[in-house]
Structure formats: structure tokens, C-alpha cells
1. For the chain, what does the accessible surface come to per residue with a 1.4 Å probe? Please give it in Å².
2. Ignoring solvent entirely, what values of log10 I(q)/I(0) come out of the Debye formula for the stretch 341-420 at 0.17, 0.22, 0.26 Å⁻¹ when each Cα is a single scatterer?
3. Pick out, from V377, H355, I331, the residue whose Cα sits farthest towards the positive end of the charge dipole of the stretch 299-384, with +1 on the Cβ of Lys and Arg and -1 on the Cβ of Asp and Glu.
4. Quantify, in whole percent, the carbon and sulfur part of the accessible surface of the chain (1.4 Å probe; protein heavy atoms only).
5. Using the Kirkwood radius built from alpha carbon pairs, what does the Stokes-Einstein equation give as D for the stretch 285-399 at 10 °C and 1.306 mPa s, in µm² per second?
6. State the volume of the convex hull built on the alpha-carbon positions of the stretch 119-266, expressed per residue in Å³ and rounded to an integer.
7. Enter the angle in degrees (range 0 to 90, nearest 10) between the Cα long axis of helix 114-123 and the first principal axis of the Cα atoms of the chain, meaning the one along which they spread out most.
8. Divide by every residue of the chain the summed helix terms, -39500 (n - 2.57) for each DSSP H run of at least 4, and state the resulting mean residue ellipticity at 222 nm, rounded to the nearest 500 deg cm²/dmol.
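The values are calculated or read from the model by the stated rules, or taken from the named source; none is laboratory data. Small disclaimer: the values here were computed from a predicted structure and weren't measured. Because the Cβ atoms are built from the backbone with ideal geometry, glycine has one as well, and the counts that use them run over all protein chains shown. Each accessible area value is taken on the protein alone, full model and side chains, heavy atoms only, with ligands, DNA and RNA left out. Shrake-Rupley method; radii C 1.70, N 1.55, O 1.52, S 1.80 Å.
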Amino acid sequence: MRILIVNTSENTGGAAVAANRLMVALNNNGVKAKMLVKEKSTDKLTVVGLKHPWRQQWHFLWERFCIWLSMHLKKKRLFEVDIANSGTDITSLPEFQEADVIHLHWVNQGMLSLKDIRKIIEKKPVVWTMHDLWAATAICHYARGCEQYHSACQDCPLLPSPGKNDLSHRVWKRKEKMYENKRITLVACSEWLAEEARKSALLKNQRIVSIPNAIDSQQFCPQDKQLARKTLSLPTDKRIILFVSQRVTDPRKGMNFFVEAIQRLADADPSFKEHTGVAILGGHAEEVASQLAIPAYPLGYVSDPQRIVQVYNAADVFVLPSLEDNLPNTIMEAMTCGVPCVGFRVGGIPEMIDHQVNGYVAEVRQTDDLAHGIRYVLDEADYASLSKNCLKKVASHYSQQSVANKYIKVYNEAIRPVEYRR
């Protein structure tokens, strides 16, 4: 079986990381998998980049320009929506021609247009992994409480001039045409996302299943904590709280709640500041470090996988107070290193963190509960038991073999269609 995984980026972003890990898992389990990307950044033989970079840049810029016009020349939400009005036809590529199944992942920002996706669906069996809600909505990746996509997107709250025939509704009609009389399998990375996708009127005739992302537990694994800290120039005599995000100032990742939770812990216990520090991994880490009430150590953006593993192993607890999220790779990575996690009860996070078993699930936007979760992991729980349960959860749910086998079953059903059940 030959699978072509399609994703905008090779390495940047959570979807790229997940797609890469799946490709490795499939190749390790008897499937010939390749990856097609717009932005190739390595010399991997299993990854193919689109030719003519200038043309790919044009698709990206044209889409952004059209969105910019629709936003009344304002940049505020320029990268919060995608309309897929420009992209590359990949159906003539030899990698496409030889594939048995085309596996789409995150294909926005000029990778594929809606017409391109329709053409793919017409020519090959398609599986589409949803890393957010874009396949189920008109233009947004996260609905933020909006339920318009349950019937038909319009009056979009993300647009400066919402209306019955606004940009969201026009793109909705194009997506309806894209899916019309075609059957594909959509894979949600969490049960939460699968349930949200099933509410979409766009996907009422499509098959939706839930399969989590995979992780390489040989690469991400427990290491000597003190050695990791010394390597990263982190203090060896403090407890380390870790926050990780590609862009740590992204409001969706809940940094404001994290800062406030740390403040409350410091106010409640004067010794907390003396014995605890915060490591921050991701872009703009320096901007956040000065806001924290205890010593902070900005590590910046790191792309080296080995160094990322060291960062997780240096931590005592990983905190991700996302306000919207699917199945965060960061939580999975921390757990695979035996680090208990704390997060809000949103999206797929409570599917990953078993409350007071391998971490703590706080109620959404409840800063006091978030602070309690951090204190629970550091001071109240049997830490060794939490860490051990993290490793058990990863082995049973996110191993390469487990995830690969689930996808192989989906591929076989896509090649030999069975009765679709919602």
C-alpha cells in the first residue's frame, strides 16, 4: 500500500510534526508512505517539496491579499482564517499517480485550493486528518463558541462586516460544492474534535472517525533530569514549571491565565519564588518572562528535537492552559518524557490528562483551579506515580504501532469502500 501524506509545511507547526510522525510510523509498519509539502526544509528522501517556490509564494500572498481586503485592510485577523482560493494542482505529480490513498493534513496558506481538493477527491481515495475545524467550517480553524457551521456559515463574527452573504457564506457554498456527491474519511485527532465535526452541515454525508496522533517513544523518553538542566543552563536546585508553544504570546494558549496562576502561587507561599522557576520554550519567550512573579528562563524557539527532549526532561510539571485546542503534541511529548501535565478542560486535553492520575485537569478559565493543579503535582500528589502513569497512557494510546494500525484499517476501507457510519 502506498500513501501520500500532504501537508503545507514539513516541520513547522503541530500538524507538520504529527504528519511526520505518522509517516515514520507507517513506514515502520509495512506501509510505503511519502510526504508532499509546500515548504521542504530537510533532505529526507521520503519528503517531496513542490517545485517553483515563487509560485507557491504567489498562492500564499494572493490568498492573504484577498483576506486583507475582506478585513477592510486590517491585519488583526489576517491569519485566523483561510479561504483556499489559490493553490497547486498536485494530481499530475508522479507521487500522486503512484499513491493508493491521498492523506490530507493541514493544507492551508496557499498549498491547496478548494478546486484542487475537489480534483484530488475525484481521482483518488482520500483520508483527511483534521488538526482543527477548518474542514468542517467555512473559513475559521476554531469556532470560538460560534455554531453557525451547524447549519451554514454566515454572519461570521471574525469578519468586520458580517452578513447573510459575507465571505464565510461564499466560501461555505464553495466547500459544499467541493464535498458534493463525494465520500471521504475525515479523521479527528481527538474525540472532542470528532464530535464537533459531526455537527457540521458540510460533513453530514462524510465518515468521521477519531484516531490520536502518534509519538516516537524512543526519541521522546525519560532522561536524567539534573543532566538536562545543566545542559540547558537551568537551575538544578529549583523545581521547574514548563510552558511550551510555537508562539507563547498566542492568546489561544492561555498565557495570561498561566501568569496569573503563578502570581497566586507566589502570593500564597513566599517560599514558592525561592524554590521554583519557569522555563519557557517558544517564540517571544522573552516577552513573557518579565511578567512572571518567579524566576523565568526564556529558552526561545528551538527546532532541534534532541534539545526539545532535554527541555521536557528538565521540567517537573508541564502546564498548557489552552482556551481552545485539539490534541496538543506538547502534552503528548511531555507525558512521553514522564512529566505530569496540567491543562484546562477544553478540546482533547481531558482525553490526554487523566485527572489526578497522570496530571490535573482544571476547569476552563479558572485561574485558582489552574494554580491548584500546579500545586497538586508539585506538592500534594505521589509524583512517581503520576510520572509512571504518564508513560502507561502514552504506551496504550499513542504508540506508533497502535496509531499506524488504526490508520491502515482506515486506508483499506477507503480503497474498498464499506458502508459509511457516522
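1. On the way: 18090 Å² over 422 residues.
In whole numbers, the chain has 43 Å² accessible per residue.
2. Scattering profile of the stretch 341-420, log10 relative to I(0): -0.72, -0.95, -1.14.
3. Positive-most Cα among the choices belongs to I331.
4. Roughly 49 percent of what the probe reaches on the chain is carbon or sulfur.
5. Here the translational diffusion coefficient equals 109 µm²/s.
6. Each residue corresponds to 178 Å³ of Cα convex hull volume.
7. Around 70 degrees separate the two axes.
8. Details: 16 runs with 163 residues, N = 422.
That comes out to -11500 deg cm²/dmol.
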